[in-house]
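The values are calculated or read from the model by the stated rules, or taken from the named source; none is laboratory data. Predicted, not measured: the structure shown is a model, and the values here were computed from it. Quick reminder, even Gly has a Cβ in these numbers, built from the backbone with ideal geometry, and neighbours come from all protein chains shown. What goes into the accessible areas is simple: the full protein's heavy atoms, side chains included, and nothing from ligands, DNA or RNA. Shrake-Rupley method; radii C 1.70, N 1.55, O 1.52, S 1.80 Å.
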Amino acid sequence: MSETTTDLETFRRETRAWLQANCPSEMRRPAKTEADICWGGKRFKYQSEAQRLWLQRMGERGWTVPMWPRAYGGGGLDHAQAAILREEMAALKCRVPLQSFGIWMLGPALLKYGSEQQKRHYLRQIARGEIRWCQGYSEPNAGSDLASLATKAEVHEDHFLVNGQKIWTSYADEADWMFCLVRTDTAKKHTGISFILIDMTTPGVSTRPIKLISGKSPFCETFFDNVKVPSSQIVGELNAGWTIAKYLLTHEREMIGGIGERSLPTPVGRFAAERIGRDPAGRLDDPVLRAEIARFEVDEAAFSAWTKLVGAQARGGEAHPAVSSALKYYGTELNKRRWELMAAAGGADALEWEGARSQDGTIARTWLRTKGNSIEGGTSEVQLNVVAKRILGLPGA
Ligand SMILES: Cc1cc2nc3c(=O)[nH]c(=O)nc-3n(C[C@H](O)[C@H](O)[C@H](O)COP(=O)(O)OP(=O)(O)OC[C@H]3O[C@@H](n4cnc5c(N)ncnc54)[C@H](O)[C@@H]3O)c2cc1C
């Protein structure tokens with residue numbers, strides 16, 4: 001690394017000053033509802049001028065994607081600088097300006113496999129939150145066995161003609177574009193798949209929301225009826241999409257697994273003690289729950305330490321290529337335990353579904369939502385299969 005400690009201290013000072021001057025005070029308070037989370041895109045309704053301004057300022061500086069190259073709208077920071085930016089944002093309680101499938105999933109795939117023209121065209125728009133993406137992978141008969149996908153793209157001279165159906169497409173009804181796996185050769189399984197980008201306003205694309213147990217409809221069925229997609233919107237080579245799909249999945253799994261690290265503003269133990277009360281020694285007055293919470297908090301700390309270790313290994317090019325499956329498995333299962341404990345500690349109150357007291361059933365709804373985390377991006381069982389085979393070297397079933 002080229003910087004000296006003095007360089008980094010200067011960077012920290014300048015970063016802090018910039019954040020203080022540019023992060024609106026409203027964006028330094030924790031997000032309370034989903035509307036406080038900024039997803040960007042052409043159809044996004046900003047909650048406030050502060051939310052819009054914060055995204056605009058961070059996007060212009062490249063700090064929505066601090067480590068992407070400047071040429072593609074990123075901040076061009078190295079690991080040490082990016083870590084400082086994260087620390088300074090946390091110290092000032094700055095909200096993350098943009099949540100985005102473009103940043104977490106498509107961006108890394110385009111950086112590795114996209115043409116120069118695609119990188120220049122899409123990455124800057126992703127960094128600035130100008131376009132919102134959805135992921136067209138799963139189909140009614142292709143989930144865990146994703147390579148069975150059947151949505152067909154006929155190859156024509158200057159375009160693909162797409163017909164078929166995707167399912168569980170998160171935010172398909174709010175996205176501007178989809179990164180999509182299509183079958184371009186029916187004779188082969190893995191080597192008959194291509195990775196294409198589809199403008200959701202193209203004639204023939206339609207979506208139908210699916211209602212979840214949590215009462216929300218964050219995902220859809222997506223239908224393609226003779227959808228014409230220009231040939232230039234293929235990423236990589238024809239029939240070589242499976243490699244890109246798998247690479248993107250490692251980023252998705254890492255991102256979802258990070259949920260395990262997301263400890264709550266009020267730790268579970270303190271929340272439980274406030275609800276249930278303390279014994280004369282000042283401990284949570286429920287020895288069984290106390291033991292469970294203690295086990296959870298130890299595991300939470302261990303997971304956090306492990307993700308840091310994996311991060312350092314990745315920077316040194318030493319991380320196991322399948323480690324994202326282990327992170328995803330453990331992080332999502334840990335988060336399920338976190339919310340089981342929150343529900344147990346909250347007692348009957350935690351079952352409330354609506355009303356100001358429970359902030360419209362935050363605990364109940366989050367508890368239900370965590371179930372989906374260990375399914376999306378590949379189920380826990382599938383991640384365990386990957387860990388068994390690729391990391392532990394156990395024989396396949
Ligand atoms: C909240 C949420 C958001 C999602 N968002 C998207 C999205 O944006 N885009 C998208 O394309 N998809 C999305 N998905 C779909 C998700 O990727 C699939 O649900 C997932 O891959 C599992 O596929 P499936 O639902 O078809 O289940 P199946 O593959 O039918 O699995 C059913 C059960 O069988 C088990 N199973 C299957 N195969 C094996 C095996 N080999 N060994 C052991 N057990 C096995 C599974 O673990 C599971 O318990 C989302 C899902 C959820 C829950």
Shape of region 129-192, Cα gyration tensor, a/c cut at 1.5: oblate
Under 5 Å, built H, 5+ apart or other chain: amide partners of L284: D279
Backbone HN-Hα couplings from phi across region 74-81 [Karplus 6.51/-1.76/1.60, Hz, Gly and Pro as x]: x, x, x, 7, 8, 4, 5, 5
Value of [θ]222 nm, deg cm²/dmol, for the chain, DSSP H segments ≥ 4, -39500 (n - 2.57) each, nearest 500: -12500 deg cm²/dmol
Net lengthening on full extension, E297/K42 (0.36 nm per residue, minus Cα-Cα): 87.7 nm
Listed peptides 247-259, 6-18 by packing density, highest first (mean Cβ within 10 Å): 247-259, 6-18
Solvent exposure, largest accessible area first (probe 1.4 Å, DNA, RNA and ligands not counted), of L146, L212: L212, L146
In order through region 339-355: 3J(HN,Hα) via Karplus (6.51 cos²θ - 1.76 cosθ + 1.60), integer Hz, x for Gly, Pro: 7, 4, 5, 4, 5, 5, 5, x, x, 4, 4, 6, 8, 4, 9, 9, x
Relative contact order, percent, region 1-111 [alpha-carbon distance under 8 Å, six or more residues apart]: 31
Eligible lysines near K228 by straight Cα distance, threshold 20 Å, same-chain separation 8 or greater: K152, K166
Most to least packed among 384-390, 282-288 [average Cβ atoms within 10 Å]: 384-390, 282-288
Distance from region 11-50 to region 282-323 (C-alpha centre basis), Å: 29
Under 16 Å from K32, Cα to Cα: aspartates and glutamates that are on another chain or at least 8 residues apart: E354, D360
